[in-house]
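The values are calculated or read from the model by the stated rules, or taken from the named source; none is laboratory data. All values reported here derive from a predicted model rather than from experimental measurement. Cβ placement follows ideal geometry from the backbone for every residue including glycine, while neighbour counts extend to all protein chains displayed.
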Amino acid sequence: MAHDYSYKAVMARDNEIMKKALGMDYEKYESGNIAFDYEALMNDVGLSLEEIIQIQRSVGVGNTPLLELKNLTALARKISPKGKGARIFVKDEQCNPSGSFKDRRASISAYMAQKLGYKGIAAATSGNYGAAVASQAAMRNLPCIIVQECFDSRKIGQPEILEKQRKCESYGAEVVQLTVGPELFYTYLRILEDTGYFNASLYSNFGIAGVETLGYEIIQQCRSMVGRDPDVIMVTNAGGGNLTGTARGAQKAGAEKTLIFGASVDLAGLSMASDHDFNRKSFTTGHTGFGMPYATDPDHSDVPRSAARPLKYIDDYLLVKQGEVFYITEALAQLEGMERGPAGNTSLTAAFALAQTLDEDQIIVVQETEYTGAGKSPQPQLSFAKENGIELKFGNSDEEVPGKNIILPDHPSRIKVRHADLDKMKKSYIRKAAQHVHATTATEEDIHYLMAETRKDREFVIAALKENNIEIKQPILN
Ligand SMILES: Cc1ncc(COP(=O)(O)O)c(C=O)c1O
């Protein structure tokens, strides 16, 4: 029988399509209520960390340098109280084949696609991940389709996303470009169904396992360079896979005391699904427009259960302003001679602020850089912002209002530590986890699961469940 390609019918087939496109059945991880078996999902990648390292080395991924940013550290010390100004290091992930840590993620998906005998590989992403999948597909001689959400309804696209189209095409991928809206998922499902290609989802267990090598390398390199583990690893956070994989890798290297901090550009007030807001932001990833919804509701992605679960690993979440990241991008280029892209510089900005509050002998590792290019640099981004009615000025970063202005700090001391409210996010996570499975009750297993997911105690979890009218089932005592 011919398939029904109406929006409703295709969306109703999404589980079936995804099952074929990933070669995985997520049902077996489900408990029937809120809890699911995350570690079993990760174990089913079926590759040890050593094997993942081998796969990555065979395609030129990983083993990137860890560099100390002495001049930026000196600047932070100049504006810090006496004795403060932690040492800042950076992992130069732009050295990966397509220029970002996303190659680590894509390398394992492309390996699996080939191993499982898929005819090609596809991904829905308008960011670096598309280029990473296209590059890894090229290395394995697999046809590749990248679906991008890149225009508003005026057909105007962000310079960074348009640049990404050219990059994906230069690796030989076919790029499907869409306007902002719900058609992205529909189109992606149709492509997977029509082609039978592997879904290189950003949120699969393969992708996240691929990022573990990044956390692992940071710990090994830090130990050999300075003889100890870093105090903080600062990770740019959007969908949460970067943070999850890095934290898991650091744990596997035995880093027990290293704190994992997330950092995102504060885009509060802008809606990512809005046609009006789409081109009013200067950052296409590493911002709260992804960071907040994906942390609090990880399972709304293109797989039934996301392997990216940042609230399980995050110790603190810092927010930075758009203007601050532009400032630090220039500072990195002019003080350290490293011209790098915006996503990595988001965590660098947060690290620059945090360094001023930590002791001089403490160590912060900024977990990545990314390549930069014609669409990513401050110049095209700021011109684009101006064309879209954003006011540009120098001044006090605290006065920046996303979608209205970009304030370039008039002094580096404007770059300050600002915390997101993690407890609020964790409460929101618990509410959405229950909603996700339409739960009206929570079992003992659910409570333990939610405690592990949020790293909060029993009282916190039970209070959050009760606030949402979820009945707590008492364990049956014999
Ligand atoms: C260079 C770079 N850094 C960080 C991120 C954020 O990663 P995640 O979405 O896994 O949180 C992205 C994702 O788009 C990225 O491309």
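Quick check, is residue 313 under 27 Å from residue 11 (Cα atoms), modelled with pLDDT of 95 or more and either within 12 Å of the ligand (Cβ to nearest atom) or of a type in the set (S, T, N, Q) (or both)?
Details: under 27 Å from residue 11 (Cα atoms): no; modelled with pLDDT of 95 or more: yes; either within 12 Å of the ligand (Cβ to nearest atom) or of a type in the set (S, T, N, Q) (or both): yes.
Spelling it out, it is not the case that residue 313 is under 27 Å from residue 11 (Cα atoms), modelled with pLDDT of 95 or more and either within 12 Å of the ligand (Cβ to nearest atom) or of a type in the set (S, T, N, Q) (or both).
Kindly provide the set of residues from the stretch 266-279 that are touching a helix residue (DSSP H, G or I) at 6+ places or on another chain (Cβ under 8 Å) and either of a type in the set (Phe, Trp, Tyr) or more than 14 Å from residue 127 (Cβ to Cβ) (or both), ordered by number.
Of everything in the stretch 266-279, those that are touching a helix residue (DSSP H, G or I) at 6+ places or on another chain (Cβ under 8 Å) and either of a type in the set (Phe, Trp, Tyr) or more than 14 Å from residue 127 (Cβ to Cβ) (or both) turn out to be 266, 267, 268, 270, 271, 279.
Does any residue in the stretch 284-301 that is under 21 Å from residue 321 (Cα atoms) and more than 10 Å from the ligand (Cβ to nearest atom) come within less than 8 Å, Cβ to Cβ, of a residue that is among the basic types (Lys, Arg) and not in a helix (DSSP H, G or I) six or more places away or on a different chain, and which pairs are these?
289/281
Kindly indicate which of 163, 149 is within 16 Å of the ligand (Cβ to nearest atom) and either more than 26 Å from residue 372 (Cβ to Cβ) or assigned to a strand (DSSP E or B) (or both).
Of 163, 149, the one residue that is within 16 Å of the ligand (Cβ to nearest atom) and either more than 26 Å from residue 372 (Cβ to Cβ) or assigned to a strand (DSSP E or B) (or both) is 149.
Among the numbered conditions (1) surrounded by fewer than 16 Cβ atoms within 10 Å (Cβ to Cβ); (2) under 23 Å from residue 235 (Cα atoms), tell me where residue 48 comes up short.
(2)
Of all residues being within 11 Å of the ligand (Cβ to nearest atom) and among the hydroxyl-bearing types (Ser, Thr, Tyr) in the stretch 328-348, which is surrounded by the fewest Cβ atoms within 10 Å (Cβ to Cβ)? Just the residue, please.
Only one residue fits best here, namely 347.
Looking at residue 235 and the list (1) closer than 23 Å to residue 66 by Cβ; (2) within 13 Å of the ligand (Cβ to nearest atom); (3) of a type outside the set (Lys, Arg); (4) in a loop (DSSP other than H, G, I, E, B), which single condition is not satisfied?
(4)
Provide a single number: the residues in the stretch 381-426 that are within 30 Å of residue 465 (Cβ to Cβ) and crowded, with 21+ Cβ neighbours inside 10 Å. Steps first, answer last, please.
Our first condition is that a residue be within 30 Å of residue 465 (Cβ to Cβ); within the stretch 381-426, this holds for 418-426.
Checking the rest, the ones that are also crowded, with 21+ Cβ neighbours inside 10 Å come to 420, 426.
Here the count works out to 2.
Residue pairs, Cβ under 7 Å, 6 or more apart or interchain, first in the stretch 265-276 and more than 11 Å from residue 402 (Cα to Cα), second exposed (fewer than 14 other Cβ atoms within 10 Å of the Cβ) and polar (S, T, N, Q). List them.
Short answer, once both residue conditions are applied: 275/153.
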